Structure formats: structure tokens, C-alpha cells
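Q: Dropping the structure in here first, questions after.
Here, each number is a calculation from the coordinates, and none is a lab measurement. Here the structure is a predicted model, which means the values were calculated and not measured. Glycine gets a Cβ as well: all are built from the backbone with ideal geometry, and neighbour counts include every protein chain shown.
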Protein chains: 2
Amino acid sequence: MASSLRVVLSIARGRIPSLPVPPHYRTVTVRALSSGLSPPSKAVVYDQHGQPDQVTRVIDVPPIEIKENDVCVKMLAAPINPSDINRIEGVYPVRPLVPAVGGYEGVGEIYALGSSVRKLSVGDWVIPSPPSFGTWQTYIVKEEGLWHKVDKDVPLEYAATVTVNPLTALRMLEDFVKLKEGDAIVQNGATSLVGQCIIQLAHIRGIRSINIIRDRAGSEDVKGRLTQLGADAVFTEKQLEVKNVKELLAGVPEPALGFNCVGGNAASLVLKFLRQGGTMVTYGGMAKKPVTVSTSSFIFKDLALRGFWLQKWMSSERAKECREMIDYLLGLVCDGKFRYEMELIPFHDFDTALDKALGKLGSQPKQVLIF
Amino acid sequence: MASSLRVVLSIARGRIPSLPVPPHYRTVTVRALSSGLSPPSKAVVYDQHGQPDQVTRVIDVPPIEIKENDVCVKMLAAPINPSDINRIEGVYPVRPLVPAVGGYEGVGEIYALGSSVRKLSVGDWVIPSPPSFGTWQTYIVKEEGLWHKVDKDVPLEYAATVTVNPLTALRMLEDFVKLKEGDAIVQNGATSLVGQCIIQLAHIRGIRSINIIRDRAGSEDVKGRLTQLGADAVFTEKQLEVKNVKELLAGVPEPALGFNCVGGNAASLVLKFLRQGGTMVTYGGMAKKPVTVSTSSFIFKDLALRGFWLQKWMSSERAKECREMIDYLLGLVCDGKFRYEMELIPFHDFDTALDKALGKLGSQPKQVLIF
């Protein structure tokens, strides 16, 4: 199949204002460029699974063909998520075939279009939706249907990170327990990006949040920041070494729903807060420790334990629903109702960003690569 | 309120055939016995919570008043269930007020009726339904509505034990996962009374069962007995010390539903067998060890962990449904389709029965006291 470009590439870079192009001219351009190619690209690849700081390297990728339904996107920003790390390590159930480019979500600007692309324009900001492998590179070519246009008023780091973590938070608040205004949730790992999202999305719906954080220097400062996001209660694990954690609740009702992204003792603390018949949803295991539950928690307290994995949720026929949720979340960002901590770091400093994401430099905010 | 008896007690013992009594005569009798009393009774009581073999004793209970809606039942048989032990120990969430009579289910024969009782007759076999405290005694007086008449063709030890364990098995097969013919379940503690019931009730519905038992002398014999009940596969825990337990299944499908009454490693084995998206229901903790679950079991295998407690299930408005299930189960017994191992032991040997129920004399079948 012959591929083609609909607009001249230098215009598509978006560095100069793009002008309306008469339809007949677009057609001519298409015919003229029968085998359009992407620009050469730089990418973070790994040839084998293993320690991310040992197996990843930045390589030059030669130009690739842009087919008629393809869109070539110049990436603007992409985060390093824990699941990206796990994919490189090879411990994720879906193992990318190596060699593979790292990264799973991000945002870019359309650089060039295949001849049959009609719904997107050069200069649009788009995100891969559903997200997919290989966002840690400067140019990406994928079919039109795999890109979702987003509002350019959104700060690019939010467009880059909206899919994996905020969507997880949104779905977990919806899919397990029917919550109504005034109800409460409890979570550990409250400073994680999902944790920050849960606090705010719950707050928007009038749902109270009880938040558990690690004991470490600066925990009072962390409490202040989470409270500013809308947290109703924040406790360090040490503060919860009491006989009855519920006595600490002071007006916040017993939660019917809990979230665990840590495991070990931090998961047990979530279970302690849950009310009779409550549900705990596990979506991460930062402490690399299992969840341990007493028999009586199941029988007499009637607790239910579940898990959530966004990638599985999205694998069903939910593309449209996902995009609506993304638009909703980015709308909240634009309205100033939704924010989370990130550190923007240039792509050429990838090694530093990776070290921070790996926790080698202590606790750090989400690392977002800027291309 | 004046209490009364409708028939002469010596007739009510059922030792001689009861004759039709003209209505006017019944009325006369009622008036004549304005304060009917039960016979004196013997009961196993405990004055404080603690070790059952230390805090229980057999006492003489004086006759008590039989009010107009009451039914006086001469108990025939009552089992010693693990939950009876837990109630005496005081580790059950519903703590009977002490002093209390032990036992929770059983069967008896109606000995005398209050004057307003219409639906039951002297000589009928009845079980307390819903079950309630205090079946370890020779005579019990309770309101008519608390007794459910059962067919006298049923072996009395089945009528005595049908409520707690078989009902648990039946509900757990119904309430968590919609199973269809050809599906499979997995369970540990397969030799327990509930375990034996699950095997047979699953088999009747065309559901395959994978059963896990302890390693101990005679396990081959146990396998044979469970297979005779309808078990499709029986493994000792040691046999399951393999990399992939599912390779042992040989034609039995991966189970969608698992049952755990042990905890610890035996619970982990149930989880290993479960298919993607499967559910494990905990209803006991014989090993007194918690359930430990990896993070990935929740996230990637999408397992759900739940609990079941019959007493809570019955506490809702389910009296009628319970009795229908009891009739169904006792019907299966009469048809020769449903059986389980029990040891009948005279009430005067209560101490021995208790020692056996406490596991002091090794593995023993369910102990059923015969009065």
C-alpha cells in the first residue's frame, strides 16, 4: 500500500502558524508524497528484560513509513510510571516483545498525517488511547484511530499522565461499591499519584477520605499538602498503632471502600478501618509484601478483597468510555479542580529521571519526560 | 399470662398411641392445666467463657413453664459443631450471655404443647429453625414459630445436623459465583462435614470438585471415601508442592470458585487452583493461620476473596427459605443421595464427645449427642 502525507512536514512541526489549506491543494500534496517518512527519532529501548537502569539505552531510530491511515506525532511529554518499570523488568503479565521502546502513555503534537486521515489535523495535541507501548521516543507513527485529540489548553504534563493513574482512581471509585455523598473511603499510599487523584475525585463527589502515609521526615508537610487536596484525615502508619483505629475517625464515617497499593502492614491498616461488609481493592504492591487477612475478617466482618488493573479494564470494548473519562478529567484540570505533583525533566536527562522513578534518590514526585 | 397444656403429658411422651381428642375435651384440658411445666431436664451449661472441657458441666434444670404458644420438645440428638466450641470459648462475635446452655442445632420430639399451638402435634419431630442456643439439654421449651417439623423417616442424626453445615455448603455453592454444569470448584478441608456436603451437592448439579486434604496416615483411604461421595480429584497438601498445580487437573476445568476452611498454606493452594477472575470464600480457619495473598493475585489474576457466615445469612428475613432448603437437603438424605460421616454418642458420655470434637483424640467424625 502506498503511503502519503497530506501536508508539508515543516508546517506540521507547528513552529509556524498553520494556515487553512484548500482541499484541492491537500489532495495534490498527498499525491505528491507517495512515500512519506517520519523524521528520525530518538527512543529509550531495552533489548532484554532486567533492571531498568541496566537494560535501557537511548538509540537513534531511522525514519519510518507513514501509511495512509497513520498519524505521525512529535512527542511532547511522557511519564515514567511504576508499570513501565515492571514491563522493563519483565515482571508484568503482558511482556512487551524485546527489543521494545519504553513508556505507555504521553502526549504529542501531530507532525504529519497519512492521506486518508480526516478527523485529526497537523498541530493537534493527541494522546495514545488506549495507551500503548513505546511513548518514550521523539516521533511515533500509529493509526489515526489510536490517537485521541485533547484540548491544547491543558498543561501538557497532565495530558501526558491522565490515562494511567487518574483513570485508575476514577474507575476504582465507581466500580466496586456504590458510594453516596457523605460516605467515606480509606487508602494507603495516599501520596502516590493515584492516591492524590482519589482524594480529589472523592472530594468532588462529597466523599470523605481517610489517608495513610508512611512515617518519614516531612510527614507533617505531606499531611498539609494532602489536606489541601481535600483529604479529611491523614495518618502515618505509626499513628495507627493503637487498639482501635476507628476511635481516631472523629466524625468521618467508617469507610465502606478501601484502596491498597502498598501491601503488608499498610494493607492491614486499610482493613482495620473498613466497616462491616466493606471492600478493599488492591491496585499496587509498593512494599513488595503480600496482603494478610484473618479468617474472622472474612467470616464475621464480611470483608471482600478485590483487585483492579486498568490495562485489563481497558482491554474490553471501552475505547469511547475511556476517552470520555479522559475528557472529564482534563476538564477538571482546566477548571483548577484536579492537580497532582509532578517533576518535569528533559528527555536528555532520562537516566536521572529513571533513577528518581526507581526510588534511588528518595521519595520523588512523578517523573515526566519533556521532549 | 396463664399457660396451659393441650394434652396429657404421659400421652405426649409418644410411648402410647395418641388418640383423637374431641375439641371440647381439649379445651377442658387447657383450662385444667393452667400452669403446665416441662419435665425436669439435664443440660450442658457453662458459667463463664473459656476452654470448653474446663468450663462446661452437666446440671439438672428444674421444670419450666410452658406458655400458650410454647412447644416443649424432648431432644433426641444434637451435634457438637466447631462454632459451638467457639461460642463457649467466647471467641465468637455473638457471645451468649452466661450462664448458657451449649449447642445450636438438633432434633427433638414434641412432648407437650401450649394451648394455642395449632400446627404442630405431640410426637412430631422438630428442629429449631432458625437454630438457636441451648440444644444440649434433654427438654427445651420454645415458641411454636421457632420449630420446624421434619419427616420422621429421616435418620435422626441428619435431622440434628442439617442446618449448620449442609446449609452452609448449599448457600456457598449458590451465592458467590453462578456455576453451570461442567464447571468446577476447589476446596480445602474436604473431609470436614461442610466439605463432604460440598462434594455431593456439587456432584448432584454436575459440578466437578477438586479437593485438598491434609497429609496424614490413611490419606489413601480418605481419598477413596471422598471419591465415593463424588469427588473428581483429591490431593494431599504435599502432592501440591509442584510448580504448577493446574497440570495435575487432568480434564477437570480450572475452578471459578474455591472454599477455604483452613487458612495458611491450605488457603494458598485453593488460590493457586482458581482460574482468572475466580472467587475464594472463607468459612473457617481450622489451622488458626491467616490467609496470605500476593498483590498480583488481586491485580493480574483478578481474584476476589469473600467470606461466609451462615448465622448472618440467616439473621435476615430468611426463615421460610431456610426451611425449604432444609426440606430439600433432608429429601436428598431420604433418597440416599446425601450422607456424611458422624459418630453417635450417648449424652451421658458428653465429656468424651467433647474431647473428640476438640481434636484431643485425633481426627474424628462429627460428634452427635444422642439423648
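Q: Can you sort B:LEU274, A:LEU120 so the residue with the fewest Cβ neighbours within 10 Å comes first?
A: With the sparsest Cβ surroundings first, the list reads A:LEU120, B:LEU274.
Q: Here's another thing I want to ask about it. With +1 assigned to the C-beta of every Lys and Arg and -1 to the C-beta of every Asp and Glu, and no other charges, what is the dipole magnitude of chain B about the Cα centre in debye, to the nearest 20?
A: The dipole magnitude comes to about 360 debye.
Q: Roughly how far apart, in whole Å, are the Cα centres of the stretch A:318-332 and the stretch B:95-155?
A: Centre-to-centre distance over Cα atoms comes out at 61 Å.
Q: Let me ask another. Mind jotting down the distance between the C-alpha centroids of the stretch A:338-371 and the stretch B:341-371, whole Å?
A: Between the Cα centre of the stretch B:341-371 and that of the stretch A:338-371, the gap is 66 Å.
Q: Once you keep just the Cα pairs under 8 angstrom separated by 6 or more residues, what percentage relative contact order results for chain B?
A: Averaging sequence separation for qualifying contacts and normalising by length gives 15 percent for chain B.
Q: According to a simple spin-label model (label point 7 Å from Cα along Cα-to-Cβ), what is the distance in nm between A:LYS289 and A:LYS152?
A: 5.0 nm
Q: If each of B:ALA217 and A:GLU89 carries a label point 7 Å out from its Cα toward its Cβ, how far apart are those two points in nm?
A: Between B:ALA217 and A:GLU89, the simple spin-label model gives 4.7 nm.
Q: So, one more: Determine the dipole magnitude for the protein assembly as shown: charges of +1 sit on the beta-carbon of Lys and Arg, -1 on that of Asp and Glu, nothing else is charged, the reference point is the Cα centre, and the result goes in debye to the nearest 20. Please report the intermediate quantities before stating the final value.
A: Numbers: 86 positive and 78 negative charges, 101 e Å.
Roughly 480 debye, rounded to the nearest 20.
Q: Where the label is 7 Å out from Cα toward Cβ, how close does A:LYS246 come to the same position in every other copy, in nm, shortest first?
A: 3.9
Q: How would B:VAL262, A:VAL252 line up from fewest to most surrounding beta-carbon atoms within 10 angstrom?
A: Fewest to most other Cβ atoms nearby, the residues stand as A:VAL252, B:VAL262.
Q: In the calculated pair distance distribution of chain B, what percentage of Cα-Cα distances lie above 32 Å?
A: The answer is 38 percent, as a whole percent.
Q: With the contact rule set at Cα under 8 Å and sequence spacing of 6 or more, what percent relative contact order holds for the stretch A:249-303? Please report the intermediate quantities before stating the final value.
A: Working: 87 pairs, mean separation 21.3, N = 55.
It rounds to 39 percent for the stretch A:249-303.
Q: Where does the charge balance sit around A:SER268 when Lys and Arg score +1, Asp and Glu -1, over other residues with C-beta under 11 Å from its C-beta?
A: +1
Q: Could I ask something else about it? Quick check: Cα centre of the stretch B:56-77 to Cα centre of the stretch B:278-316, how many Å?
A: So the separation of the two Cα centres works out to 39 Å.
Q: Tell me which lysines have Cα within less than 28 Å of A:LYS42's Cα, excluding those fewer than 8 residues away on the same chain?
A: A:LYS67, A:LYS74, A:LYS119, A:LYS142, A:LYS149, A:LYS152, A:LYS356, A:LYS360, A:LYS366
Q: For chain A, find the longest principal axis of its Cα atoms and tell me its angle to the long axis of helix A:164-175, 0 to 90°, nearest 10.
A: With rounding to tens, the tilt is 50 degrees.
Q: From the helices alone, meaning DSSP H stretches of at least four residues, give me the mean residue ellipticity at 222 nm for chain B, per-run term -39500 (n - 2.57), in deg cm²/dmol to the nearest 500.
A: -8500 deg cm²/dmol
Q: Could you work out how far helix B:23-32 tilts from the main Cα principal axis of chain B, as a 0 to 90 degree angle to the nearest 10?
A: On a 0 to 90 degree scale, this one is about 80.
Q: Rounded to the nearest 10 degrees, what's the angle between the helix A:193-204 long axis and the longest principal axis of chain A, both from Cα atoms, 0 to 90?
A: Rounded to the nearest ten degrees, it is 70.
Q: I would also like to ask the following. Copy-to-copy spacing for B:GLY336, label 7 Å out on the Cα-to-C-beta vector, in nm, shortest first?
A: Output for B:GLY336: 8.2 nm, nearest copy listed first.
Q: Could you please rank B:TYR283, A:TYR328, placing first whichever residue has the fewest other Cβ atoms within 10 Å of its Cβ?
A: Numbers: B:TYR283 24, A:TYR328 15.
Lowest count first: A:TYR328, B:TYR283.
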